[in-house]
Amino acid sequence: MALLIRNADIVTVGARVRADIFAENETITRIGDNLEAPANAEIIDAAGKLVFPGFIDPHVHIYLPFMATFAKDTHETASIAALIGGTTTYIEMCCPNRNDDALEGYQFWKSKAEGKSACDYAFHMSVTKFVKETDSQLRQVVADGTASFKIFLAYKNFFGVDDGEMYQTLELAKRLGVIVTAHCENAELVARLQQKLLAEGKTGPEWHEPSRPESVEAEGTGRFATFLENTAATGYVVHLSCEKALQAALAAKSRGVKIHVESVIPHFLLDKSYAERPGVEGMKHVMSPPLRAKHNQTALWNALALGTIDTVGTDHCPFDTEQKLLGKDSFVNIPNGIPGIEDRVNLMYTHGVKRGRLDLDRFVDAASTRAAKLFGLFPRKGTIAVGSDADLVVYDTNYRGVVSAKSQHVNNDYNGFEGMEIEGRPSVVTVRGKVQVRDGKFIGERGRGRMLKREPAHF
Ligand SMILES: [Zn+2]
């Protein structure tokens, strides 16, 4: 099937051109003026709209057994929500825990997604222990096309690794050319502070943030950076939330450590007062690292504009109201996470580009291109060029709306961004040349998504 997009105002990193885009056999084959198309081609007139490369969410959880329950989405619901919001590729955290066999976990995660996702996807392979068979198992995972790892410095005895295991993971990653993503919080301090607060009778969601303060994240970030420095591996800090942790990452960067930084959309727009709301309203905004004091948002937006924060993901991880209430007697039992996969692009465009905090170039880079480059997807994904997959977002900058759980496609009964304004949304979204979304509705083919095989590139 062929696709012709006419009058496209094409926005890619470093360029803005007006042209037609023609795609055939899933791939962009021509970009130019007044292109001809065969009679059976689907033709879209993009006049008055922007055309972006399909957006990439580098950090999502879909299948996830966690904190005595499971995240709510399936690959079907999450991928449709992603596409409606302009995200055409997501990278899911494959998260077997310490008691699971890593390779069995990897196969299981793959089987959950296969044939279910409506858009393309890849995995970060979590390393949650380092035992005799880990070396050979991780080599098999990388040979299968999953060329990035994830480690957790938090969640002791479940997902978390100790310093020795972190060292072994980074050493192997360096040899294999694999980038290592890391959740950076000090597990010991989190556990101690939780116990201390609970002993003082402080059990509500407002105590989640004080149990994992900024200094605890800055320590994790700095320690990860020091381990990168001494293994020469390449790292990527996930969901960085505050200025203190950012300074730790930037200090490492300035001494030549290969460290990249992701922040996630909640930390740009929500602050800790949301988690301080009484009862379940506060619980809905519990995630880790926690929502922070508002002044951090300025630091995050500025670093994003400069590119010292490389990417914006979501850490999409929906738990519904009933699940959040598992923590009604103690904040340590509130399932951590909020949804975001559907709203990330529109929120970034509105509160970043439209509010003058971010230029278009950096917006496309942070929401698509940079993740493609770091994670071995470029130039197949993350740009609009001859030879790239025809993942395109025709974006209507005149759309006006409001984020609401009532209209969302994520499988959850609340939205953490409820009531926020949206000034723009995708009008057409394609996956490898096929129109999957039109004006907020999924009209495409379920299960069209494929797992993307990636080559190691960080030697
Ligand atoms: Zn995560």
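None of the figures in this text is laboratory data; all of them are computed from the coordinates on show. As the structure is a prediction and not an experimental result, all values here were calculated from the model. Using ideal geometry, Cβ is built from the backbone for each residue, glycine included, and neighbour counts are taken over all protein chains shown.
Could you give the length gained by full extension between residue 402 and residue 455, i.e. 0.36 nm per residue of separation minus their alpha carbon distance, to one decimal place?
Numbers: separation 53, 0.36 × 53 = 19.08 nm, distance 3.97 nm.
Length gained between residue 402 and residue 455: 15.1 nm.
Taking the Cα centre of the range 203-302 as origin and charging only Cβ (+1 Lys, Arg; -1 Asp, Glu), how large is the dipole, in debye to the nearest 20? Charge dipole, the range 203-302, about its Cα centre: 220 debye, nearest 20. For residue 355 and residue 143, the difference between the fully extended length at 0.36 nm per residue and the C-alpha to C-alpha distance is 72.0 nm. What does the C-alpha gyration tensor say about the overall shape of the range 403-453? Classify as rounded when a/c is under 1.5, otherwise prolate if a/b is larger than b/c, or oblate. It comes out prolate by the Cα gyration axes.
For the range 409-453, the relative contact order is 21 percent, taking Cα pairs closer than 8 Å that sit 6 or more residues apart in sequence and dividing their mean separation by the residue count.
May I ask for the percentage of alpha-carbon pairs in the range 224-263 that lie more than 17 Å from each other? Here the long-distance tail beyond 17 Å is 17 percent of all Cα pairs in the range 224-263. Ignoring lysines fewer than eight residues from residue 441 along the same chain, the ones with Cα atoms less than 20 angstrom from its Cα are 49, 116, 406.
Shown here are the Rg and Dmax of the Cα trace of the range 124-231, at 15.7, 50 Å.
For residue 354, the aspartates and glutamates whose Cα comes closer than 12 Å to its Cα, not counting residues fewer than 8 places off in the same chain, are 421, 423.
How long is the gain from residue 108 to residue 308 if the chain were fully straight, where each residue apart is worth 0.36 nm and the alpha carbon distance is subtracted? Working shown, then result.
On the way: separation 200, 0.36 × 200 = 72.00 nm, distance 3.54 nm.
Gain in length upon complete extension: 68.5 nm.
Note on residue 294 and residue 45: the model spin-label points, each 7 Å out from Cα along the C-beta direction, lie 4.5 nm apart. Figure legend: label point modelled 7 angstrom from the Cα of residue 16 along Cα→Cβ; residues of the range 331-353 with amide N under 18 Å from it are 348-353. Between residue 273 and residue 133, the simple spin-label model (points 7 angstrom out along Cα→Cβ) gives 5.2 nm. Charging the Cβ of each Asp and Glu at -1 and of each Lys and Arg at +1, and nothing else, the dipole of the chain about its Cα centre rounds to 380 debye.
Secondary-structure-derived ellipticity at 222 nm for the chain, considering helices only, amounts to -8000 deg cm²/dmol, per-run term -39500 (n - 2.57) for DSSP H runs with n ≥ 4.
Going by the alpha-carbon gyration tensor, a ≥ b ≥ c the square roots of its eigenvalues, is the range 196-237 rounded (a/c under 1.5) or, if a/c is not under 1.5, prolate (a/b greater than b/c) versus oblate? Verdict is prolate for the range 196-237.
Placing +1 on each Lys and Arg Cβ and -1 on each Asp and Glu Cβ, with no other charges, gives the range 1-114 a dipole about its Cα centre of roughly 320 debye. Extent along the principal axes, Cα only, for the range 176-296: 46, 30, 25 Å, with the longest axis given first. Bridgeable aspartates and glutamates around residue 258 (alpha carbons under 15 Å apart, same-chain partners fewer than 8 residues away excluded): 171, 229, 310. All distinct Cα pairs of the chain go into the 1/r average, and the inverse of that average, the Kirkwood radius, is 22.0 Å.
What whole-number volume per residue, in cubic angstrom, does the convex hull of the C-alpha atoms of the range 304-373 give?
Numbers: hull volume 8.1 nm³, N = 70.
Output value, Cα hull per residue: 115 Å³.
Considering all different alpha carbon pairs of the range 222-355, the Kirkwood hydrodynamic radius works out to 15.7 Å. Proximity of backbone amide H atoms, modeled 1.01 Å from N, is registered between residue 428 and 394, 439 at under 5 Å, excluding neighbours fewer than 5 places apart on the same chain. Estimate the FRET efficiency between residue 175 and residue 70 by the formula 1/(1 + (r/R0)^6), using the beta-carbon distance for r and 41 Å for R0, to the nearest 0.05. For residue 175 and residue 70, the calculated efficiency is 0.75.
Taking the Cα of residue 156, stepping 7 Å toward and past its beta carbon, and measuring to each backbone N in the range 282-321: which are under 19 Å? Within reach of a label on residue 156: 288-290. From the alpha carbon centroid of the range 180-234 to that of the range 40-117 is 27 Å. Note on residue 253 and residue 413: their simple-model spin labels are 4.2 nm apart, each label 7 Å out from Cα toward Cβ.
With an 8 Å Cα cut-off and a minimum separation of 6 or more residues, compute the relative contact order for the chain in percent. Display every interim value, and only then the final one.
Values: 1146 pairs, mean separation 104.3, N = 459.
For the chain, the relative contact order is 23 percent.
For Cα pairs less than 8 Å apart in space and 6+ apart in sequence, what is the mean separation divided by the residue count of the range 78-167, i.e. the relative contact order in percent? Working shown, then result.
On the way: 113 pairs, mean separation 28.6, N = 90.
With pairs under 8 Å counted, the relative contact order is 32 percent.
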